[in-house]
1. Could you state the angle between the C-alpha long axis of helix 2-11 and the longest principal axis of the C-alpha atoms of the chain, as a value from 0 to 90 degrees rounded to the nearest 10?
2. How do Phe279, Phe91 rank when sorted from fewest to most other Cβ atoms within 10 Å of their own Cβ?
3. What is the set of long-range amide H partners of Trp119 at a cut-off below 5 Å, with H atoms built 1.01 Å from backbone N?
4. For region 41-47, in order, what is each residue's ³J(HN,Hα) by Karplus, 6.51 cos²θ - 1.76 cosθ + 1.60 with θ = phi - 60°, in whole Hz (x at glycine and Pro)?
5. Past 29 Å, Cα to Cα: identify those pairs from Lys245/Lys343; Lys92/Lys300; Lys214/Lys300; Lys214/Lys255; Lys111/Lys135, in the order given.
6. For region 155-247, which trypsin sites (Lys or Arg not before Pro) are in a loop by DSSP, counting at most 14 other Cβ atoms within 10 Å?
7. Anyone know which of Asp244, Asp293, Asp306 comes out most mobile in the 10 Å Cα GNM of the chain?
8. Starting at the first residue of region 64-70, write each ³J(HN,Hα) from the Karplus equation 6.51 cos²θ - 1.76 cosθ + 1.60 with θ = phi - 60°, in whole Hz, x for Gly and Pro.
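Please treat every number below as a calculation from the coordinates, not as lab data. This structure is a prediction, so every number in the text was calculated from the model and none was measured. Cβ sites come from the backbone with ideal geometry, for glycine too, and all protein chains shown count toward neighbours.
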Amino acid sequence: MRIGRRALLEGLAVSIAARSSLADELLRFGGTPQELATPTAFFERLLTPTNVFFVRSHFGAPSLDRTRKLSVAGEVKTPLELDAETLAKTFKETTVTAVLQCAGNGRALHKPRVPGVQWVHGGMGQATFTGVRLKDVLEKAGIDASAVLHVRATGADAPPKPTVPAFVRSVPLARALDPSTLIATKMNGEPLTLAHGAPLRLVLPGWCGDHWVKWLTSLRVQKEEADGFYMQTAYRMPVPGETDKTRPATTFPVKSIIGAPADGAKGALGPQHVVGIAFSGDAPIKQVEVSIDGGTTWTKAKLEGDAGAGRAQVFRHDFDQKTPATLRAMSRATDAKGNTQPKEPAWNPSGYFWNGWHEVTWSVA
Ligand SMILES: Nc1nc2c(c(=O)[nH]1)N[C@H]1C(S)=C(S)[C@@H](COP(=O)(O)O)O[C@H]1N2
Ligand SMILES: [Mo]
């Protein structure tokens, strides 16, 4: 079955070679190079290398233009036109470590199946993002921070034909003014690659990837949420208790993924190391529990890395296996607000935010 094959592919243990920006290790969906998954094997470390970092671009990248200007306009006192160089000279540089995750990551695991990119676990990664605070840029342009406003963002990528809607998004002003929201110029310490939005992209730690507009060309402060398919139809979740009402998908839920051992691996007797990453868009991770008896008993794993909302930590659970066996490990994370990864996440019509317990099976002899 296709899900099985995908899961297997995403889980394959691959060695990382320093290669071009779009590494061979990335796992391709369909025929386009713009839906590329990070192999699960990379989720045993804090930072996902850029050359295996998942890519999701609806229409493909525009040309690479590191001097492309970003305009800041709308309900502002002084409209601005800035390129990456001016931005870096004018505003203070900041770095955040954050998970970038597609809202549809895990879609292949929702039951019943939902059409769309069939991500298993690889529609995500964690990187450091460096740039300037969106807040500083908006304040320089002059905004009324007390008004109910939205910041509409567009990128330089164009739809394949005029009848296809452009990728236009907006974020509420309050989120735009959050100190963690950046206009990034660098990822993992290097200038942004074209696939990841060079020269400028939005970064919104804790919120799903569709808000992280790449190849940024325009920011417009306006009274309404942005119009158009990508804001009004796609990337929305049902509002609980209200029929036919939806709201934009924003904060991704608590989740953990086991990066090693790989599902289906064959290993040696002796020390076994279950390693993965855990994160929540809503709050720092409080604990990750691992079960090696099918969910009957759970042990707290060791956590590594700094805790923070929208930020992944590594978890580890070691045990010793003296006799040949087929082993199974399950992980479940809980965040500081008490949200716990469910065994079976709630289904939704677009197949967003799958965050069920992760399980791997391997054998030792
Ligand atoms: N301009 C533009 N920005 C975009 C997209 C796009 O198609 N065009 N895709 C979005 C989606 S749905 C996701 S999940 C992230 C993926 O970011 P990445 O390709 O750097 O991993 O970019 C977002 N930003
Ligand atoms: Mo996405």
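1. Rounded to the nearest ten degrees, it is 90.
2. In order of increasing Cβ crowding within 10 Å: Phe91, Phe279.
3. For Trp119, the qualifying residues are Gly106, Arg107, Ala108.
4. These are the phi-based 3J(HN,Hα) values: 4, 8, 8, 10, 9, 5, 10 Hz.
5. Details: Lys245/Lys343 27 Å; Lys92/Lys300 40 Å; Lys214/Lys300 38 Å; Lys214/Lys255 25 Å; Lys111/Lys135 40 Å.
Violating the 29 Å limit, Cα to Cα: Lys92/Lys300; Lys214/Lys300; Lys111/Lys135.
6. On the way: sites: Arg169, Arg175, Lys186, Arg201, Lys214, Arg220, Lys223, Arg236, Lys245; in loops: Lys214, Lys223, Lys245.
Those satisfying the criteria are Lys223, Lys245.
7. Asp244
8. Taking θ as phi minus 60°, the curve returns 7, 9, 6, 9, 4, 8, 10 Hz for region 64-70.
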